[in-house]
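To start, the structure itself, in structure tokens.
The values are calculated or read from the model by the stated rules, or taken from the named source; none is laboratory data. Every value quoted in this text rests on a predicted model; they were computed, and no experiment measured them. Positions of Cβ are generated from backbone atoms using ideal geometry, with glycine treated the same way; all protein chains shown enter the neighbour counts. Ligands, DNA and RNA are stripped out before the accessible areas are found, and what is left, the full protein with its side chains, is counted by its heavy atoms. Shrake-Rupley method; radii C 1.70, N 1.55, O 1.52, S 1.80 Å.
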Amino acid sequence: MTSFSPDSKATSRGPIRAPSAIPVDDAVLPFEVDALDLRGRLTRLGPTLDEILAKHDYPAPVGKLLGEAIVLTTLLGSSLKFDGRFILQTRTDGPVSFLIVDFKAPDRLRAYARYDSARLSGAQGSGALLGKGHLAMTIDQGADMSRYQGLVALDGGGLEEAAHEYFFRSEQIPTRVRLAVGEEWRGGEPGKHRWRAGGMLMQFLPKAPERARQADLHPGDAPEGTVAHTVREDDAWVEGQSLIATVEDIELIDPDLSAERLLYRLFHQRGVRVFKPLPLHAQCSCSRDAVSSMLKSFTPKDRAEMVQNGKVVVTCEFCSSVYQFTPDEAGVG
Ligand SMILES: [Zn+2]
């Protein structure tokens with residue numbers, strides 16, 4: 001089964017050591033808390049996030065929302081074990097009508113958003129910026145393989161809620177996700193800031209599946225007077241949720257707090273084991289050759305319409321790279 005969840009069978013018993021004090025940016029750190037049957041991943045993003053967002057010069061609320069989507073993508077996509085692609089997209093009716101994050105295993109990230117600047121000022125928070133629509137998560141394993149797509153409705157909530165809804169409805173794995181994005185202002189230079197982000201995904205994966213029963217997320221459309229279906233959640237999962245609930249946004253993005261120290265702060269009483277961090281990079285996959293073959297796939301009429309001032313100019317939406325072609329090179333004429 002294709003799944004965005006950590007591999008519950010992966011184990012590597014390393015020596016126990018003190019948590020590293022050295023912050024590692026731009027990486028996903030897998031972890032497990034054996035005593036509570038918890039597995040998870042913690043992402044820290046610094047220069048990689050800044051590089052992606054700085055190319056677009058987004059208004060702060062758009063940058064923050066796209067940053068959240070990027071962190072969520074790293075938490076979900078980093079479980080892919082093949083040389084594939086994980087794509088997270090939203091299509092909604094809010095001020096940010098479209099966003100896409102493209103993760104190419106093992107480590108490449110690119111992303112962009114479309115928004116209506118006139119509508120931004122009235123919208124507070126991720127849910128209001130997105131509005132209503134859906135979030136799609138696609139695993140693409142290449143031309144000869146089938147695609148897997150998970151869909152979840154966005155109904156005024158943010159990306160954390162959408163992730164909870166997805167894991168509850170589609171994978172039936174008790175899951176909590178935290179996402180945080182912030183701007184770090186440097187040395188009093190006006191206007192000089194850098195984006196940082198962090199996030200955590202934590203799942204309850206007990207050996208006995210009946211322990212993973214979950215209480216309903218929403219009461220649903222049950223008629224009035226219906227007795228609510230109550231499920232008593234497993235004590236280990238109750239404890240896990242209460243621990244992740246204590247994580248503050250500032251802890252997730254703090255450049256002076258290492259991912260390992262944060263995990264130790266949360267789980268030291270139960271014992272936490274971390275695995276090898278997976279590095280992340282901002283890198284677009286566009287190229288002049290790829291744009292050229294895309295142009296060739298258009299009809300001659302479409303190509304002719306693209307000629308402006310004697311040339312065809314194509315700008316990559318992901319990385320803002322500009323590619324120029326003569327009409328001849330673009331196959332016009
Ligand atoms: Zn590009």
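Residues that are over 19 Å from Ala197 (Cα atoms), within 16 Å of the ligand (Cβ to nearest atom) and in contact (Cβ under 8 Å) with a residue 24 or more places away in the chain: does the range 240-256 have at least one? No - not one qualifying residue is present in the range 240-256. Within the range 277-291, restricting attention to residues that are in contact (Cβ under 8 Å) with a residue 40 or more places away in the chain and hydrophobic (A, V, I, L, M, F, W, C), the residue that is nearest to the ligand (Cβ to nearest atom) is Cys284.
Would you please list the contacts, defined by Cβ atoms under 8 Å and residues six or more apart or on different chains, that run from a residue in the range 301-320 that is at positive phi to a residue that is more than 16 Å from the ligand (Cβ to nearest atom) and open to solvent by less than 70 Å² (accessible area, probe 1.4 Å)? Between residues of the range 301-320 that are at positive phi and residues that are more than 16 Å from the ligand (Cβ to nearest atom) and open to solvent by less than 70 Å² (accessible area, probe 1.4 Å), the close pairs are Gly310/Thr326; Gly310/Pro327. I need the full set of residues from the range 258-275 which are without any contact (Cβ under 8 Å) to a residue 24 or more places away in the chain and crowded, with 16+ Cβ neighbours inside 10 Å, in order please. If the condition is that a residue be without any contact (Cβ under 8 Å) to a residue 24 or more places away in the chain and crowded, with 16+ Cβ neighbours inside 10 Å, then Leu266 is the only one that fits.
Restricting to the range 102-141, count the residues that are in contact (Cβ under 8 Å) with a residue 40 or more places away in the chain and either over 13 Å from Pro61 (Cβ atoms) or hydroxyl-bearing (Ser, Thr, Tyr) (or both). Adding up the residues that qualify gives 22. If we scan the range 63-77, do we find a residue that is over 18 Å from the mean Cα position of the chain (by Cα), touching a residue at least 12 places away in the same chain (Cβ under 8 Å) and surrounded by fewer than 23 Cβ atoms within 10 Å (Cβ to Cβ)? Checking the range 63-77: not a single residue is over 18 Å from the mean Cα position of the chain (by Cα), touching a residue at least 12 places away in the same chain (Cβ under 8 Å) and surrounded by fewer than 23 Cβ atoms within 10 Å (Cβ to Cβ).
Would you please name the residue that is farthest from Gly67 (Cα to Cα), looking only at residues in the range 22-36 that are open to solvent by 30 Å² or more (accessible area, probe 1.4 Å) and in contact with a strand residue (DSSP E or B) (Cβ under 8 Å, 6 or more places away or on another chain)? Among those that are open to solvent by 30 Å² or more (accessible area, probe 1.4 Å) and in contact with a strand residue (DSSP E or B) (Cβ under 8 Å, 6 or more places away or on another chain), it is Asp34. Checking each residue of the range 226-239 against the condition of being closer than 30 Å to Arg194 by Cα and either within 16 Å of the ligand (Cβ to nearest atom) or more than 27 Å from the chain's Cα centre (by Cα) (or both) gives no match. The number of residues in the range 309-324 that are more than 16 Å from the ligand (Cβ to nearest atom) and either within 28 Å of Leu99 (Cα to Cα) or surrounded by 11 or more Cβ atoms within 10 Å (Cβ to Cβ) (or both) comes to 2.
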